[in-house]
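K.L.:
Supplied in structure tokens, the structure appears directly below.
The values are calculated or read from the model by the stated rules, or taken from the named source; none is laboratory data. Small disclaimer: the values here were computed from a predicted structure and weren't measured. A quick note on method: Cβ atoms are made from the backbone with ideal geometry, for glycine too, and the neighbour counts reach across all protein chains shown. The accessibility values were calculated without ligands, DNA or RNA, using every heavy atom of the protein model including side chains. Shrake-Rupley method; radii C 1.70, N 1.55, O 1.52, S 1.80 Å.
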2 protein chains.
Amino acid sequence: MSVRLRPIQALKLWHEVGLTMVRRHGVDLTSRQMVVLLTIYLEPPPHTVRGLAQKLGVTKPVITRALDAMGDLDLVSRRRDPADRRNVIIQRTVRGALFLEEFGDLIVESAQVLAP
Amino acid sequence: MSVRLRPIQALKLWHEVGLTMVRRHGVDLTSRQMVVLLTIYLEPPPHTVRGLAQKLGVTKPVITRALDAMGDLDLVSRRRDPADRRNVIIQRTVRGALFLEEFGDLIVESAQVLAP
DNA sequence: GTCAATTGTTTCATAGCCGTATCATAATGG
DNA sequence: CCATTATGATACGGCTATGAAACAATTGAC
């Protein structure tokens, strides 16, 4: 099942969701941070700094700092890889899963309200 | 016609669109800037600094600076209102319209690729 | 054991955004 | 007129993000 969506509806959807997030004054992530978070939760593990940097086409410090910021918010966590201690394994958290669950619901609700 | 969309698809859609925008290394707007831009293009004019600030629930300087940034990118323009010269009327630009048109198309394309 | 390669982090200098408070300009009302 | 109100812009101090470069820790090859 593909999702039917026309450009104008798509823009209205982005508008509505963005408006809700801005007004909510809660967690405010950069677009890059958001992509990192979604990658961690939507794609199969393991996730490393290097892998995420390559996938997004950004430098490693960008990933490190995004993980710092989201770690402070308890949206992700980090562990050294026991097998190769140079690697850092990025893991999901309960709070991160909850945040994205609510975010997905917000999008769905916004989509349902879209004018015909 | 309402848009059918389930939470997991919604998150995948956000992921895909965000990934494309980050990789593109082009125009990189804040979430607030994006909401301002979409408001200007989707809602009926006239748009003022004060009106946008109220709608988004942010302070006026946030709007002024967002308009500065987007004005530098030629995504919006400003004119004094001849009737009441305290007001500033925010206007659309060709480049802004083109940018959002492409963005809408990107969302639609991403939606079509979503796995069932 | 030693040296090179790999990984993630930190440092550095720069740039941008934020909210509060203040400012300059313009309209309005007595 | 002159005081008051309204609008948008600016100054300020603080915080955060950025890329490039240097860094420490670890692994692997010889």
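K.L.:
How many nanometers, to one decimal and shortest first, lie between the label point of residue B:60 and those of its other copies, if labels sit 7 Å from Cα toward Cβ?
P.N.:
Result, one decimal in nm: 4.8.
K.L.:
Give a quick list of trypsin sites (Lys or Arg not before Pro) in region A:22-116 that DSSP marks as loop, anything other than H, G, I, E or B, with at most 11 other Cβ atoms within 10 Å.
P.N.:
Answer by residue number: A:85, A:86.
K.L.:
Starting at the first residue of region B:6-16, write each ³J(HN,Hα) from the Karplus equation 6.51 cos²θ - 1.76 cosθ + 1.60 with θ = phi - 60°, in whole Hz, x for Gly and Pro.
P.N.:
Karplus values, whole Hz, x for Gly and Pro: 9, x, 5, 5, 4, 5, 5, 4, 4, 4, 4.
K.L.:
Computing the accessible area with a 1.4 Å probe over protein heavy atoms, can you report the carbon and sulfur percentage for chain B?
P.N.:
51
K.L.:
Here is a further query. Cα to Cα, under 17 Å, and not fewer than 8 places away if on the same chain: which lysines meet these conditions relative to residue B:12?
P.N.:
A:55
K.L.:
May I ask you to list the lysines whose Cα is less than 22 Å away from that of residue B:60, ignoring any residue fewer than eight positions away on the same chain?
P.N.:
Partners within reach: none.
K.L.:
Relative contact order of region B:7-113: what whole-number percent is it, with Cα pairs under 8 angstrom and at least 6 residues apart?
P.N.:
26
K.L.:
Would you mind listing the distances between the residue B:112 label point and the same position in each other copy? Use 7 Å along Cα-to-C-beta, nm, one decimal, shortest first.
P.N.:
Result, one decimal in nm: 2.8.
K.L.:
Would you kindly state how much longer the chain becomes between residue A:24 and residue A:50 on full extension, computed as 0.36 nm times their sequence separation minus their alpha carbon distance, in nm to one decimal?
P.N.:
The residue A:24-residue A:50 span can extend by a further 6.1 nm.
K.L.:
Further, regarding this structure: Considering the Cα positions of chain A, please state its Rg to one decimal place and its Dmax as a whole number of Å.
P.N.:
Looking at chain A, its Cα Rg and Dmax stand at 16.2, 54 Å.
K.L.:
Next question. Using amide H atoms built in the peptide plane, which far-off residues or other-chain residues are under 5 Å from residue B:76 H to H?
P.N.:
For residue B:76, the qualifying residues are B:71.
K.L.:
Amide H to amide H, which residues 5 or more places from residue A:87 or on other chains are under 5 Å from it, using H placed in the peptide plane?
P.N.:
A:81
K.L.:
Note the buried accessible area between B and A here, summed over both chains, with a 1.4 Å probe, in Å² to the nearest 100.
P.N.:
In total, chains B and A hide about 4000 Å² from solvent.
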